[in-house]
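The values are calculated or read from the model by the stated rules, or taken from the named source; none is laboratory data. Fair warning: this is a prediction, and the values are worked out from it, not measured in the lab. Here Cβ is always computed from backbone atoms with ideal geometry, including for glycine, and neighbour counts include all displayed protein chains. Calculation scope for accessible area: heavy atoms of the full protein, side chains included, ligands and nucleic acids excluded. Shrake-Rupley method; radii C 1.70, N 1.55, O 1.52, S 1.80 Å.
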Amino acid sequence: MAITTQTVEFPSNGGTAGGYLALPESGSGPGVVVVQEWWGLDPSLKIMVERLADAGFVALAPDLYHGELAAHDEMDKAGHLMQSLPADRAATDMSGAVDFLAGHDAVTGDGLGVLGFCMGGMLTFLLAAGRGDKIKAAVPFYGFPGPDSEPDWSGLTAVVRGHMAENDDFFTPEGAQALEKKLRDLGKDVELTVHPGSGHAFMNPMNALGTKDDELAARCWAEATSFLHTQLG
């Protein structure tokens with residue numbers, strides 16, 4: 001036996017959205033939504049979905065770009081795709097993924113997790129705030145909303161354990177620390193760890209920006225999966 005993967009469709013905003021689903025060898029486990037980097041639902045993100053299944057989770061990455069992709073040497077295209085992503089469509093697609101997982105026969109427990117990278121780290125916060133009825137644990141990697149894009153935090157009920165990069169021009173350590181303080185002051189259970197010496201995208205398995213750190217990535221992954229199991233079962 002091994003993990004199983006498939007492309008799925010689920011209702012979203014009166015239509016359908018797609019995604020990449022991976023089930024663990026056991027056939028069931030806690031559910032985790034995985035949110036893409038600005039490249040799209042590319043091979044590197046599918047690897048992370050499969051790794052979650054290897055760790056015992058039912059993992060689903062919604063395809064927020066609806067089939068469009070940018071290669072890792074197409075940063076301008078990736079930026080364009082990210083800037084062109086309709087915020088309302090992304091929100092409904094992620095919420096549809098939550099409902100799909102929550103109703104899936106393979107998913108155990110009452111709550112779900114969300115984990116995302118870069119743009120997906122920022123969207124992890126937004127989804128956790130918007131779907132506090134289902135999202136009980138959130139793991140954002142090197143991404144968070146800035147002051148101009150923060151959601152209504154009153155809906156955030158998840159425990160948040162984030163992993164940020166020290167050398168990051170996209171999402172600065174100072175910004176992460178300010179957001180952590182703000183959310184803690186609001187009574188939220190949030191820890192955003194800035195890893196010394198790390199660069200943006202240090203987890204990316206294909207080393208998209210040349211900043212991959214194998215030792216740090218392994219340590220953060222072990223912490224993230226342990227945290228998700230603790231929170232979700």
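Where does each of 81, 69 land when they are ordered by accessible area, with a 1.4 Å probe and the largest first?
Descending accessible area places them as 69, 81.
Mind checking which of 69, 11, 147 is farthest towards the positive end of the chain's charge dipole, using Cβ charges of +1 (Lys, Arg) and -1 (Asp, Glu) about the Cα centre?
The Cα lying farthest towards the positive end belongs to 11.
Below 20 Å, Cα to Cα, which aspartates and glutamates can residue 212 reach? Residues fewer than 8 away in the same chain don't count.
37, 42, 50, 73, 74, 166, 168, 169, 223
Among the GluC sites (Glu not before Pro) within segment 15-120, which fall in a DSSP loop and have no more than 13 other Cβ atoms within 10 Å of their own Cβ?
Those satisfying the criteria are 25, 74.
Residue separation times 0.36 nm, minus the C-alpha to C-alpha distance between residue 186 and residue 76: what's the value?
35.9 nm
Any idea how far apart residue 229 and residue 66 come out in nm if each label point goes 7 Å out from Cα toward Cβ?
Using points 7 Å along Cα→Cβ, the separation is 3.9 nm.
What accessible area per residue comes out for the chain, rounded to a whole number of Å², with a 1.4 Å probe?
Result: 42 Å² of accessible area for each residue.
Mind running the shape call on segment 168-233? Use the C-alpha gyration tensor, a ≥ b ≥ c as the square roots of the eigenvalues: rounded below 1.5 for a/c, prolate if a/b tops b/c, oblate otherwise.
oblate
Compute the FRET efficiency between residue 177 and residue 209 as 1/(1 + (r/R0)^6), taking r as their Cβ-Cβ distance and R0 = 22 Å, and round to the nearest 0.05.
Once the sixth-power term is evaluated, E becomes 0.45.
For segment 143-161 and segment 49-78, what is the centre-to-centre distance using only Cα atoms, to the nearest Å?
22
Rounded if a/c is under 1.5, else prolate if a/b is larger than b/c, else oblate: which is segment 1-49, with a ≥ b ≥ c the root eigenvalues of its Cα gyration tensor?
Note, shape of segment 1-49 comes out oblate.
Simple spin-label model, 7 Å along Cα-to-Cβ: residue 169 to residue 16 in nm?
4.2
Which lysines have a Cα less than 28 Å from the Cα of residue 136, not counting those fewer than 8 places away in the same chain?
Output for residue 136: 46, 181, 182, 188.
Can you give the FRET efficiency to the nearest 0.05 for residue 9 and residue 54, using r as the Cβ-Cβ distance and R₀ = 22 Å?
0.35
Treat the chain as a sphere of radius equal to its Kirkwood radius over Cα pairs and apply Stokes-Einstein at 10 °C in a medium of 1.306 mPa s; give the translational diffusion coefficient in µm²/s, rounded to a whole number.
The Stokes-Einstein estimate is 92 µm²/s.
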